[in-house]
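*Asks:* Dropping a structure here in C-alpha coordinates format, bear with me for questions.
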Amino acid sequence: LGAEKVSGLKLEPAGVLSFNNQFLIVSKNNAIPGQAVVSPEMALLGVAGNSDKWNSNVKLLTDPTVKISVRILLPDRAMADGEVAGEFGGRIILEKVLTSVELLSGQPVFTSGTDGLPSDLLVGWVSDEINKTESAVYQKAYIRPAVNPADLKTVFFIKDE
(Lines give C-alpha, C1' and ligand atoms only; values in the text may rest on other atoms or scores of the structure.)
Protein backbone atom coordinates (compact mmCIF):
# COMPACT_ATOMS: atom_id res chain seq x y z
CA LEU A 1 0.00 0.00 0.00
CA GLY A 2 2.99 2.31 -0.02
CA ALA A 3 3.49 2.39 3.74
CA GLU A 4 6.21 0.87 5.83
CA LYS A 5 4.95 -1.89 8.10
CA VAL A 6 4.21 -0.65 11.59
CA SER A 7 5.73 -3.07 14.05
CA GLY A 8 5.53 -3.65 17.77
CA LEU A 9 1.76 -3.26 18.01
CA LYS A 10 -0.45 -5.80 19.74
CA LEU A 11 -3.46 -6.64 17.59
CA GLU A 12 -6.79 -8.24 18.47
CA PRO A 13 -8.78 -9.63 15.51
CA ALA A 14 -12.53 -9.19 15.10
CA GLY A 15 -14.87 -10.46 12.41
CA VAL A 16 -16.95 -7.95 10.48
CA LEU A 17 -20.68 -8.57 10.98
CA SER A 18 -22.11 -5.62 9.07
CA PHE A 19 -21.08 -2.43 7.27
CA ASN A 20 -22.50 0.95 6.34
CA ASN A 21 -20.68 4.05 5.11
CA GLN A 22 -20.01 5.37 8.63
CA PHE A 23 -19.47 2.29 10.81
CA LEU A 24 -18.81 -1.43 11.07
CA ILE A 25 -20.35 -3.85 13.57
CA VAL A 26 -17.71 -6.37 14.62
CA SER A 27 -17.55 -9.50 16.77
CA LYS A 28 -15.54 -8.04 19.64
CA ASN A 29 -16.87 -7.35 23.09
CA ASN A 30 -15.79 -4.60 25.45
CA ALA A 31 -13.77 -2.53 22.98
CA ILE A 32 -12.30 0.65 24.45
CA PRO A 33 -13.87 3.77 22.88
CA GLY A 34 -11.31 5.57 20.74
CA GLN A 35 -9.16 2.46 20.28
CA ALA A 36 -7.57 2.38 16.79
CA VAL A 37 -8.93 -0.18 14.32
CA VAL A 38 -6.90 -1.24 11.28
CA SER A 39 -7.23 -3.47 8.23
CA PRO A 40 -5.06 -6.58 7.74
CA GLU A 41 -2.73 -4.30 5.73
CA MET A 42 -2.34 -2.02 8.80
CA ALA A 43 -4.30 0.85 7.24
CA LEU A 44 -6.38 2.88 9.70
CA LEU A 45 -10.11 2.29 9.31
CA GLY A 46 -11.38 4.28 12.28
CA VAL A 47 -11.84 4.01 16.03
CA ALA A 48 -13.89 1.89 18.39
CA GLY A 49 -17.24 3.34 19.33
CA ASN A 50 -19.93 1.77 21.50
CA SER A 51 -19.49 -1.76 22.75
CA ASP A 52 -21.48 -4.36 24.66
CA LYS A 53 -20.91 -7.92 25.80
CA TRP A 54 -21.49 -9.32 22.29
CA ASN A 55 -20.13 -6.87 19.74
CA SER A 56 -18.69 -3.41 19.09
CA ASN A 57 -19.10 -0.74 16.51
CA VAL A 58 -16.19 0.86 14.68
CA LYS A 59 -16.64 4.50 13.70
CA LEU A 60 -15.03 4.74 10.26
CA LEU A 61 -12.99 7.70 9.07
CA THR A 62 -16.06 8.74 7.05
CA ASP A 63 -18.04 9.33 10.28
CA PRO A 64 -18.37 13.12 10.86
CA THR A 65 -17.65 12.66 14.59
CA VAL A 66 -14.19 11.20 13.87
CA LYS A 67 -11.26 13.65 13.71
CA ILE A 68 -7.67 12.43 13.54
CA SER A 69 -4.35 14.30 13.46
CA VAL A 70 -2.28 13.31 10.45
CA ARG A 71 0.97 13.96 8.62
CA ILE A 72 1.29 14.23 4.85
CA LEU A 73 4.48 12.92 3.24
CA LEU A 74 5.78 15.57 0.85
CA PRO A 75 7.96 14.95 -2.23
CA ASP A 76 11.10 16.15 -0.40
CA ARG A 77 10.39 13.55 2.35
CA ALA A 78 9.38 16.34 4.78
CA MET A 79 6.06 16.03 6.63
CA ALA A 80 3.19 18.51 6.86
CA ASP A 81 0.52 18.46 9.56
CA GLY A 82 -3.22 18.30 9.06
CA GLU A 83 -6.42 16.72 10.31
CA VAL A 84 -8.78 14.25 8.66
CA ALA A 85 -12.47 14.20 9.41
CA GLY A 86 -15.51 12.39 8.15
CA GLU A 87 -17.95 14.26 6.01
CA PHE A 88 -21.62 13.54 5.43
CA GLY A 89 -21.92 11.52 2.26
CA GLY A 90 -19.20 9.05 3.20
CA ARG A 91 -16.11 11.07 2.29
CA ILE A 92 -12.93 11.86 4.19
CA ILE A 93 -11.68 15.44 4.15
CA LEU A 94 -8.15 16.62 4.88
CA GLU A 95 -8.25 19.96 6.71
CA LYS A 96 -6.00 22.36 8.60
CA VAL A 97 -3.12 22.07 6.14
CA LEU A 98 -1.28 25.38 5.75
CA THR A 99 -1.61 26.97 2.29
CA SER A 100 2.20 27.18 2.17
CA VAL A 101 2.24 23.37 1.81
CA GLU A 102 2.18 22.10 -1.77
CA LEU A 103 -0.45 19.35 -1.73
CA LEU A 104 -0.36 16.99 -4.70
CA SER A 105 -2.62 14.14 -5.68
CA GLY A 106 -1.25 10.79 -4.52
CA GLN A 107 0.69 12.02 -1.48
CA PRO A 108 0.37 9.48 1.37
CA VAL A 109 -1.33 10.51 4.62
CA PHE A 110 -0.39 8.86 7.95
CA THR A 111 -1.51 9.16 11.56
CA SER A 112 0.67 11.61 13.50
CA GLY A 113 0.50 9.91 16.89
CA THR A 114 -0.33 13.18 18.63
CA ASP A 115 -3.94 12.32 19.51
CA GLY A 116 -3.59 8.98 21.28
CA LEU A 117 -3.52 6.81 18.16
CA PRO A 118 -0.31 5.07 17.07
CA SER A 119 1.79 7.05 14.60
CA ASP A 120 2.58 6.04 11.03
CA LEU A 121 -0.63 4.14 10.23
CA LEU A 122 -1.60 4.72 6.61
CA VAL A 123 -4.88 6.63 6.27
CA GLY A 124 -4.91 7.03 2.48
CA TRP A 125 -3.72 9.35 -0.26
CA VAL A 126 -4.50 12.94 -1.22
CA SER A 127 -7.07 12.84 -4.04
CA ASP A 128 -7.12 15.21 -7.00
CA GLU A 129 -9.75 17.39 -5.26
CA ILE A 130 -7.60 20.06 -3.59
CA ASN A 131 -9.14 23.40 -2.56
CA LYS A 132 -6.51 26.09 -2.05
CA THR A 133 -7.19 29.81 -1.73
CA GLU A 134 -3.97 31.83 -1.47
CA SER A 135 -5.54 34.37 0.93
CA ALA A 136 -6.69 31.62 3.34
CA VAL A 137 -4.59 30.21 6.18
CA TYR A 138 -5.57 26.59 5.49
CA GLN A 139 -6.39 24.49 2.45
CA LYS A 140 -8.56 21.39 2.14
CA ALA A 141 -8.42 18.21 0.10
CA TYR A 142 -10.22 14.91 -0.01
CA ILE A 143 -8.58 11.63 0.93
CA ARG A 144 -8.71 8.46 -1.14
CA PRO A 145 -8.89 5.81 1.62
CA ALA A 146 -6.25 3.06 1.70
CA VAL A 147 -8.86 0.31 2.10
CA ASN A 148 -12.52 -0.14 1.28
CA PRO A 149 -14.14 -1.28 4.57
CA ALA A 150 -16.98 -2.96 2.64
CA ASP A 151 -14.47 -5.54 1.36
CA LEU A 152 -13.21 -6.63 4.80
CA LYS A 153 -14.09 -9.79 6.68
CA THR A 154 -11.64 -9.19 9.57
CA VAL A 155 -10.31 -6.05 11.27
CA PHE A 156 -7.81 -5.58 14.08
CA PHE A 157 -8.05 -3.51 17.26
CA ILE A 158 -4.72 -2.08 18.40
CA LYS A 159 -4.24 -2.77 22.10
CA ASP A 160 -2.29 -0.51 24.41
CA GLU A 161 0.60 -2.32 26.05
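*Asks:* Could you sort 37-49, 106-118, 124-136 so that the peptide with the highest average Cβ count within 10 Å comes first and the rest follow in order?
*Replies:* Top of the packing list down: 37-49, 106-118, 124-136.
*Asks:* A further question on this structure: Rounded to the nearest 20 debye, what is the charge dipole size of the chain about its Cα centre when +1 sits on each Lys and Arg Cβ and -1 on each Asp and Glu Cβ?
*Replies:* Working: 15 positive and 19 negative charges, 75 e Å.
Once rounded to the nearest 20, the dipole reads 360 debye.
*Asks:* With only alpha-carbon atoms in the gyration tensor, what are the semi-axes of the equivalent ellipsoid for the stretch 66-124, in Å, largest first?
*Replies:* Over the Cα atoms of the stretch 66-124, the semi-axes work out to 17, 14, 10 Å.
*Asks:* Separate question: Quick one: the Cα spread of the stretch 15-72 along its three principal axes, in angstroms, biggest first?
*Replies:* Projected onto its principal axes, the Cα set of the stretch 15-72 covers 37, 23, 20 Å.
*Asks:* For the stretch 80-155, just the Cα set please: Rg and Dmax, both in angstrom.
*Replies:* Cα radius of gyration and Dmax of the stretch 80-155 are 13.0, 45 Å respectively.
*Asks:* Taking a probe of 1.4 Å, how large is the accessible area per residue of the chain, in Å²?
*Replies:* On the way: 8340 Å² over 161 residues.
With the other protein chains kept in place, the chain gives 52 Å² per residue.
*Asks:* Length gain on complete extension for the stretch Asp76 to Thr99, per 0.36 nm per residue less the alpha carbon to alpha carbon distance?
*Replies:* On the way: separation 23, 0.36 × 23 = 8.28 nm, distance 1.69 nm.
In short, 6.6 nm is gained.
*Asks:* Starting with the highest mean, order 142-150, 14-22 by the number of other Cβ atoms within 10 Å, averaged over the residues of each peptide. Kindly include the intermediate steps, with their values, before the conclusion.
*Replies:* Numbers: 142-150: 19.0, 14-22: 15.8.
Ranking the peptides 142-150, 14-22 by packing returns 142-150, 14-22.
*Asks:* On a straight-distance basis, which lysines could pair with Lys67 in a cross-link, Cα separation under 17 angstrom, same-chain partners fewer than 8 positions away excluded?
*Replies:* Excluding near neighbours in sequence, the set is Lys59, Lys96, Lys140.
*Asks:* Right, another one. Throw me the Rg/Rh for the chain, computed over C-alpha atoms with Kirkwood Rh, two decimals. Provide the component values of the computation, followed by the final result.
*Replies:* On the way: Rg = 15.4 Å, Rh = 15.8 Å.
Reported Rg/Rh, Kirkwood definition of Rh: 0.98.
*Asks:* Kindly provide the trypsin sites (Lys or Arg not before Pro) of the stretch 37-74 that DSSP labels as loop, not H, G, I, E or B, and whose Cβ sees at most 10 other Cβ atoms within 10 Å. Don't skip to the end; give the middle numbers.
*Replies:* Values: sites: Lys53, Lys59, Lys67, Arg71; in loops: Lys53.
In loop regions of the stretch 37-74 (DSSP not H, G, I, E or B), the sparsely surrounded trypsin sites (Lys or Arg not before Pro) are Lys53.
The values are calculated or read from the model by the stated rules, or taken from the named source; none is laboratory data. No experiment lies behind these values; they were computed from the predicted model shown. Quick reminder, even Gly has a Cβ in these numbers, built from the backbone with ideal geometry, and neighbours come from all protein chains shown. Quick note on the areas: whole protein, heavy atoms, side chains included, nothing else; ligands and nucleic acids left out. Shrake-Rupley method; radii C 1.70, N 1.55, O 1.52, S 1.80 Å.
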